[in-house]
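One structure is given here, and the rest of the page talks about it.
The values are calculated or read from the model by the stated rules, or taken from the named source; none is laboratory data. Quick caveat: nothing in here was measured; it's all calculated off a predicted structure. Here the Cβ positions follow ideal geometry from the backbone for every residue, glycine too, while neighbour counts run over all protein chains shown.
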């Protein structure tokens, strides 16, 4: 952790004004830990496959809960940062990082405000985070990610589209249409690197979500 504090000295700070945490933070943190455990997401595996940690080394896992992606990417040699509003989730991440002797940055913050200076991140992991942000803040949040990415930086983004035969909780703000998912990212200054995919969680196949890899435009 001390190594990260030294690297963080060049990052800007801003006031966090919006929180999307619902219910008890401990309950939410434990729910996600029990559901996904410490296995890395599809996004983090793809990040590791596509990037050399010696070149594209700084990765921000935004809204990454207890840090399954951030910690796994650190194990792969990346300078990894977990940005998460749930303080209990950050405690879980801190404890595991300490036990595994991993250097991972832990920041308590919430989109659309990121306490990072412009153009500091090579890659952003936004897996299953966008649908937790109310619709009126989605575009602003993506523009904030655009701000902190380096030129030609990469964004891995995934958001719930719809659930088949199931009702979503009111705390979820899905992007129902595939084209809307694409348009939102383009409006924020990104260009798609590949076709938007419709995917589902193997444990809950009714949960359909959009997945896309985007590059920062000038």
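Annotations
- So residue 162, is it touching a residue at least 24 places away in the same chain (Cβ under 8 Å) and either within 13 Å of residue 186 (Cα to Cα) or buried (at least 18 other Cβ atoms within 10 Å of the Cβ) (or both): no
- Only residues that are outside any strand (DSSP E or B) and touching a helix residue (DSSP H, G or I) at 6+ places or on another chain (Cβ under 8 Å) were counted across segment 156-197, and they come to 11.
- On inspection, residue 71 qualifies as crowded, with 22+ Cβ neighbours inside 10 Å, touching a helix residue (DSSP H, G or I) at 6+ places or on another chain (Cβ under 9 Å) and not in a strand (DSSP E or B).
To keep it simple, each residue is scored yes or no on (1) at pLDDT 90 or above; (2) closer than 23 Å to residue 173 by Cβ; (3) touching a strand residue (DSSP E or B) at 6+ places or on another chain (Cβ under 8 Å); (4) buried (at least 16 other Cβ atoms within 10 Å of the Cβ).
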| site | (1), (2), (3), (4) |
| --- | --- |
| 21 | no, yes, no, yes |
| 37 | yes, no, no, no |
| 89 | yes, yes, no, yes |
| 109 | yes, yes, yes, yes |
| 118 | yes, no, no, no |
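- Sole exception among (1) modelled with pLDDT under 95; (2) surrounded by fewer than 14 Cβ atoms within 10 Å (Cβ to Cβ); (3) touching a strand residue (DSSP E or B) at 6+ places or on another chain (Cβ under 8 Å) for residue 201, by number: (2)
- Selected residue (criterion: farthest from residue 199 (Cα to Cα)) from residues of segment 39-58 that are at pLDDT 90 or above and part of a loop (DSSP other than H, G, I, E, B): 54
- Test: residue 61 is in a helix (DSSP H, G or I), in contact with a helix residue (DSSP H, G or I) (Cβ under 8 Å, 6 or more places away or on another chain), at pLDDT 95 or above and closer than 18 Å to residue 96 by Cβ: no
- No other residue among 85, 115 is assigned to a loop (DSSP other than H, G, I, E, B), over 20 Å from residue 36 (Cβ atoms) and in contact (Cβ under 8 Å) with a residue 12 or more places away in the chain apart from 115.
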